[in-house]
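These notes are about the structure you will find just below.
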Amino acid sequence: MLAPAVFSGLRLMELLALRWVDVDDAELHVRSQLSRKGALVPLKTNAGKRDVVLMPELAALLKRHRLASRHSRPEDFVFCGAAGRPLHFRNVQRRGMDEAVERAKLETGKRDPTMHDLRHCFASLLIGQGLDVVFVSRQLGHANPATTLRVYASEFDKVRHADAVRTALSEQFGNLLETATRNQPQDPTREAPVVASLRN
């Protein structure tokens, strides 16, 4: 359950509501969520209803999970207990996330990571790939891209500036490095042309 939490960005109660009918080779179809009492209920907003891109490796992992499960009919829950009922959200945090954090030695001393932090991780992965705020917002199920931009403004800003710096440095100094690489002396005692040019 931790893998799709990291690589889909679904909220915990959305993950718990997933049934096999909601999973295909390309997407997770978010259509409902689980209530605190364990019942399927509508999503809080229309924006929550979405199709989240599923990378092939995660799709394969979910297929293996389905083959190993005794509850693999289309209407069965993807993440369930022995009786086929969805897992309890507190157990997921305590027996799943908390144990994984402990085994990976990720405790920070201030606040241990939660399942919701995995949602933020997914958002950061998308932003790091250079995807625009509208797409990221839809994948997360935000009602408005402005919400996504407000929450992740620093990450969007970092990516935008990083790209600008790379481009500027490449335009200004890329040719210098390419020339230096082509003219690299075979004799290690000789000074490289780029070093000589910088000295002058």
All-but-one check, Met55 against (1) in contact with a helix residue (DSSP H, G or I) (Cβ under 7 Å, 6 or more places away or on another chain); (2) closer than 18 Å to Cys80 by Cα, failing number (2)
The condition from (1) in contact (Cβ under 8 Å) with a residue 12 or more places away in the chain; (2) under 28 Å from Ser137 (Cβ atoms); (3) of a type outside the set (A, V, I, L, M, F, W, C) that Ser72 misses is numbered (2)
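Can you tell me which residue in the stretch 100-141 is least open to solvent (accessible area, probe 1.4 Å), limited to those that are part of a helix (DSSP H, G or I) and acidic (Asp, Glu)?
Start the filter on the stretch 100-141 by keeping residues that are part of a helix (DSSP H, G or I), which leaves 100-103, 115-128, 133-140.
Imposing the further condition that a residue be acidic (Asp, Glu) reduces the set to 102, 117.
Details: Glu102: 122, Asp117: 42 Å².
Checked the stretch 100-141; the qualifying residue least open to solvent (accessible area, probe 1.4 Å) is Asp117.
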Any pair with Cβ under 9 angstrom, 6 or more apart, that starts in the stretch 1-28 at a residue that is open to solvent by 60 Å² or more (accessible area, probe 1.4 Å) and ends at one that is part of a helix (DSSP H, G or I) and aromatic (Phe, Trp, Tyr): Phe7/Phe122
Residue check, Leu54 against (1) open to solvent by less than 60 Å² (accessible area, probe 1.4 Å); (2) out of contact with any Ser or Thr (no Cβ under 9 Å at 6 or more places or on another chain); (3) not acidic (Asp, Glu), all met but one. Which one? (2)
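I'd like the residue in the stretch 67-99 that is surrounded by fewer than 14 Cβ atoms within 10 Å (Cβ to Cβ) and among the acidic types (Asp, Glu) and, out of all such residues, is farthest from Trp20 (Cα to Cα).
Pass one, the stretch 67-99, residues surrounded by fewer than 14 Cβ atoms within 10 Å (Cβ to Cβ): 67-68, 70, 72-75, 81-85, 90-91, 94-95, 99.
Add one more test, that the residue is among the acidic types (Asp, Glu), and what stays is 75, 99.
Working: Glu75: 6, Glu99: 26 Å.
Step by step, filter the stretch 67-99, then rank; the result is Glu99.
Among the residues of the stretch 43-50, is there at least one that is of a type in the set (D, E, K, R), closer than 21 Å to Arg19 by Cβ, modelled with pLDDT under 95 and part of a loop (DSSP other than H, G, I, E, B)? Give the derivation first.
Taking the stretch 43-50 first, the residues of a type in the set (D, E, K, R) are 44, 49-50.
Filter once more, keeping what is closer than 21 Å to Arg19 by Cβ: 44, 49-50.
Checking which are modelled with pLDDT under 95 leaves us with 44.
Okay, now just the ones that are also part of a loop (DSSP other than H, G, I, E, B), so 44.
Checked the stretch 43-50: at least one residue is of a type in the set (D, E, K, R), closer than 21 Å to Arg19 by Cβ, modelled with pLDDT under 95 and part of a loop (DSSP other than H, G, I, E, B).
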Output the number of the condition that Gly38 fails; it satisfies all remaining conditions of (1) on the phi < 0 side of the Ramachandran plot; (2) touching a Pro at 6+ places or on another chain (Cβ under 8 Å). (1)
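To keep it simple, each residue is scored yes or no on (1) modelled with pLDDT of 95 or more; (2) within 27 Å of Val53 (Cα to Cα); (3) more than 20 Å from the chain's Cα centre (by Cα); (4) among the charged types (D, E, K, R).
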| position | (1), (2), (3), (4) |
| --- | --- |
| Arg70 | yes, yes, yes, yes |
| Phe89 | no, yes, yes, no |
| Ala100 | no, yes, no, no |
| Val133 | yes, yes, no, no |
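The values are calculated or read from the model by the stated rules, or taken from the named source; none is laboratory data. This is a predicted model, so every value here is computed, not measured. Don't worry about glycine lacking a Cβ; one is built from the backbone with ideal geometry, like all the others, and counts go over all protein chains shown. Note: accessible area is taken over every heavy atom of the protein model, side chains too, but ligands, DNA and RNA are not part of it. Shrake-Rupley method; radii C 1.70, N 1.55, O 1.52, S 1.80 Å.
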